[in-house]
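The values are calculated or read from the model by the stated rules, or taken from the named source; none is laboratory data. These figures come from a predicted structure and were not determined experimentally. For neighbour counting, all protein chains shown are included, and Cβ atoms are generated from backbone atoms with ideal geometry for every residue, glycine included. With ligands, DNA and RNA removed, areas are computed over all heavy atoms of the protein, side chains included. Shrake-Rupley method; radii C 1.70, N 1.55, O 1.52, S 1.80 Å.
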Amino acid sequence: MPLSKPHPELRHRIEKATQADSTMCWTCSSCDAECPVEIATNRLRPQRVVRLANLGLIEELIASPEIWYCLTCRRCSQICPNLVKPETLIRYARAAAVRCGVVPYETASAYYDLFRKFQRVRWHAVDTLLRAESEPLTEARWRSWLNTTIPDSCKLISSQSLFKSSQPFRQAAKDAKVSACFACGECSSACPVAGERSAFDPRFIFRMANFGLTEELLESPLIWLCVQCGRCTEACSQLVDGCRMIASLREFAVNEGRVDADFALRVQDAQKQVYVRWVDAVGQLLGRQAGQGRLAACRLPVAECV
């Protein structure tokens, strides 16, 4: 379907509403190269979202299924040399799509429930690798994992095992200022992939680190589900560097032989399969047919969508 004509007035209204600095974009594609969904699927280009906003093409923007594939991890915003914020535009476009009837409210609600369950699939995919199993993510397995809750750990932790971590572990925790954490939950509230707390919860990781529970952390899928967006670090009022702590935990897992040296690459490959299924599932939820480039037309006048 051909694009509408550029609309300068709508462009300015979008920028005023979002403060996303989209007019600073020079189409370098850094955002595309950083986006985890784009890397895995080639179906989400943050740069395209920014260009549509810059041209004032609000109808095309809110009818694009791409805006619903985004994890809102803000890695696109962090990498941009001109400080453009594609993720902010995407959140704005989603709200406009619901407001204008392009995506019904019920569908949007179902989408966020799907996103929550999507984290279960990511957890099960890593757990499978930790158990030295490797099988393709079939449609049947995807649906099974979506509806399989994360099992509770039944392992009892003796008080004598607390605070027994190694000196390098304690130093890493000190460097990340983990001891300053008082479990307020700011990190978990900011984390884009913490919707299913049993699958991934930054606060839980940092509390375990404070207790020196090295064994439990290094053998858990938790530390491999972080998307390294840094939002937990940005949100923390106590200046805990959660992103750094999780990166250190991954290094310890490799250095101490808990996982193979190429485990991180195998996690990446497994997550790519998960992202492909995620994008397909979102398309089905939105009622997008195979080969269809956009969603339903806006029900309101264009000016009312902004």
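Of the residues V126, V282, V254, the one that moves most in a GNM of the chain with alpha-carbon contacts below 10 Å is V254.
Between D175 and N42, the contour length at 0.36 nm per residue exceeds the Cα-Cα span by 44.2 nm. Between E215 and L83, the C-beta separation translates, for a Förster distance of 45 Å, into a calculated FRET efficiency of about 0.60.
Solvent-accessible surface of protein heavy atoms, probed at 1.4 angstrom with all chains present, puts F263, F252 in the order F252, F263, largest first. Toward the positive end of the charge dipole of the stretch 1-44, with +1 on the Cβ of Lys and Arg and -1 on the Cβ of Asp and Glu, the farthest Cα among S30, H7, T41 is that of H7. Dipole magnitude for the chain: about 500 debye, using +1 per Lys or Arg Cβ and -1 per Asp or Glu Cβ, origin at the Cα centre. Heavy-atom accessible area with a 1.4 Å probe sorts M24, M245, M208, largest first, into M24, M208, M245.
Here K177 is the anchor, and the lysines within straight C-alpha reach of less than 22 Å, apart from those fewer than 8 places off in the same chain, are K164. Among the listed options (1) 1.10; (2) 1.00; (3) 0.95, the one matching Rg/Rh (Cα atoms, Kirkwood Rh) as calculated from these coordinates is (2).
Taking C35, C187, C100 as the candidate residues, the one with maximal mean-square fluctuation in a Gaussian network model of the chain, Cα springs under 10 Å, is C100. For R231, the accessible area of its heavy atoms, probed at 1.4 Å with every protein chain present, is near 40 square angstrom. Look at where the Cα atoms of the stretch 96-133 and of the stretch 23-59 average out, and the two centres are 21 Å apart.
Distance between the modelled labels on Q284 and R13, one decimal in nanometres: 3.7 nm (7 Å Cα→Cβ projection). Quick one: dipole size for the stretch 3-117, taken about the Cα centre, charges +1 on Lys/Arg Cβ and -1 on Asp/Glu Cβ, in debye to the nearest 20. Dipole size: approximately 120 debye.
Remark: accessible surface ordering of T233, T214 (largest first) is T233, T214, probe radius 1.4 Å. Scalar couplings 3J(HN,Hα) for the stretch 230-246, obtained by applying the Karplus form with A = 6.51, B = -1.76, C = 1.60 to θ = phi - 60°, are x, 5, 5, 5, 5, 7, 5, 6, 9, 6, 5, 8, x, 4, 5, 5, 5 Hz; x denotes Gly and Pro.
Subtracting the Cα-Cα distance of L114 and K164 from 0.36 nm times their residue separation leaves 14.1 nm of extension gain. The helix-based estimate of mean residue ellipticity at 222 nm for the chain, built from -39,500 (n - 2.57) per DSSP H run of four or more residues and divided by its residue count, is -15500 deg cm²/dmol to the nearest 500. Straightening the chain between R266 and E106 buys 54.0 nm, computed as 0.36 nm per residue apart minus the Cα-Cα spacing. Estimated from the Cβ-Cβ distance and a Förster radius of 30 angstrom, the FRET efficiency linking A132 and R51 is about 0.10. Residues considered: G101, G195, G230. Largest GNM mean-square fluctuation over the chain, using C-alpha springs under 10 Å, is found at G101. Backbone geometry of the stretch 187-199 corresponds, through the Karplus equation with coefficients 6.51, -1.76 and 1.60 at θ = phi - 60°, to 3J(HN,Hα) couplings of 5, 5, 5, 7, 5, x, 10, 9, x, 10, 4, 5, 8 Hz, x marking Gly and Pro.
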